[in-house]
Amino acid sequence: MAFKLSASVLEKAIKHLCKYGDTDVFPHLPELAFFRDESIAIVTELKELDLDSYNPGGAFEALAPKSRFGFRITHQLSAVDTVLLLAAVIEIGSLIEARRPDAKGLEAFSYRFDSTTDESLFLPNRTFKDWLHAQQSRIQGSLKIKQVVLTDISDFYARINFPRLENLLDEAAPANGAAKYIKKVIKVIRAKQSFGLPVGGTAARLLAELALSDTDKALIDHGIVATRFVDDFRIFLSAGDNPYDVLSFLAQQLSINE
């Protein structure tokens, strides 16, 4: 049976891309101006596309500076494929969000999916700066916190295990055409590699959050008070807590799950 995206998710994807761009690495695609002016015609065309038979193209891949002395592999999809991938992620966005910790907490602070707005796909006031302020409020509001451990995941996007992500998509959205298409796109972009997400676009951000959902849950279940912004972790320790123990637990979870 053919799978087609709804007009509503295609419209939301185009609005988001036209406002925020398709990537935070490369110059934005010039086609976005055309998408903005002809969104009705484009949605009318794309909503009739059978994604089960449609074959997405690859992505432009380049080495981009990450810091003064560091680099990362980044990607830019074609204009149509960018819209289709983002729309497919929006289609299952609420299902992905349902697997994550409560958005009212600080555990998974970044990129909380919001289906109620017309343009932005994420809850407001969830920037990196907001995260820093939230940590400050948490520390000032608890006399039990004596130490804070700072750590991150090296080359996070490039190291996401694709078979693991496939399983998570199947669990979050079983037998879902959008999830099937997402897996197809990643396979094409990453070619023969069994790891990594396309870096730089909005769709990958929500997929990366899904990839860490089990780690977030494991920290909560183990009673570890922590907060995360994408691949940056802050772990709050009470008197007597051993930093090495919590770091070892986190490392173990990442090695198992991610």
**Request:** Six or more apart or on different chains, Cβ under 9 Å: which pairs go from a residue in region 98-125 that's on the phi > 0 side of the Ramachandran plot to one that's open to solvent by less than 30 Å² (accessible area, probe 1.4 Å) and part of a loop (DSSP other than H, G, I, E, B)? Could you list them?
**Result:** Tyr111/Leu121; Tyr111/Val230
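Filter region 82-100 down to the residues that are of a type outside the set (A, V, I, L, M) and crowded, with 18+ Cβ neighbours inside 10 Å, then identify the one that is farthest from Asp170 (Cα to Cα).
Thr82
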**Request:** Just need a number here: residues in region 33-49 that are assigned to a helix (DSSP H, G or I) and surrounded by fewer than 19 Cβ atoms within 10 Å (Cβ to Cβ).
**Result:** 9
**Request:** Of the conditions (1) exposed (fewer than 15 other Cβ atoms within 10 Å of the Cβ); (2) in contact with a helix residue (DSSP H, G or I) (Cβ under 9 Å, 6 or more places away or on another chain), Thr116 clears all except one; give me its number.
**Result:** (2)
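Right, Glu91: among the charged types (D, E, K, R), modelled with pLDDT under 95 and in contact with a helix residue (DSSP H, G or I) (Cβ under 6 Å, 6 or more places away or on another chain) or not? Let's see the steps before the verdict.
Working: among the charged types (D, E, K, R): yes; modelled with pLDDT under 95: no; in contact with a helix residue (DSSP H, G or I) (Cβ under 6 Å, 6 or more places away or on another chain): yes.
Against the criterion (among the charged types (D, E, K, R), modelled with pLDDT under 95 and in contact with a helix residue (DSSP H, G or I) (Cβ under 6 Å, 6 or more places away or on another chain)), Glu91 does not qualify.
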**Asked** Tally time: how many residues in region 105-158 are basic (Lys, Arg) and either within 13 Å of Val230 (Cβ to Cβ) or not in a helix (DSSP H, G or I) (or both)?
**Response** 4
**Request:** Assess whether Phe3 counts as being among the aromatic types (Phe, Trp, Tyr), more than 21 Å from Phe195 (Cβ to Cβ) and surrounded by 12 or more Cβ atoms within 10 Å (Cβ to Cβ).
**Result:** yes
**Message:** Give me the residue from region 188-206 that is assigned to a helix (DSSP H, G or I) and under 22 Å from Leu63 (Cβ atoms) and, out of that set, modelled with the lowest pLDDT.
**Reply:** Arg190
**Message:** Go through region 13-31 and report how many residues are open to solvent by 30 Å² or more (accessible area, probe 1.4 Å) and within 21 Å of Asp114 (Cβ to Cβ).
**Reply:** 5
**Prompt:** Looking only at region 50-61, which residues are open to solvent by 50 Å² or more (accessible area, probe 1.4 Å) and either more than 30 Å from Ile73 (Cα to Cα) or outside any loop (DSSP other than H, G, I, E, B) (or both)?
**Reply:** Phe60, Glu61
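The values are calculated or read from the model by the stated rules, or taken from the named source; none is laboratory data. Note that the structure is predicted; figures quoted are calculated from it, not measured. For neighbour counting, all protein chains shown are included, and Cβ atoms are generated from backbone atoms with ideal geometry for every residue, glycine included. Keep in mind that these areas ignore ligands, DNA and RNA; they rest on the heavy atoms of the full protein, side chains included. Shrake-Rupley method; radii C 1.70, N 1.55, O 1.52, S 1.80 Å.
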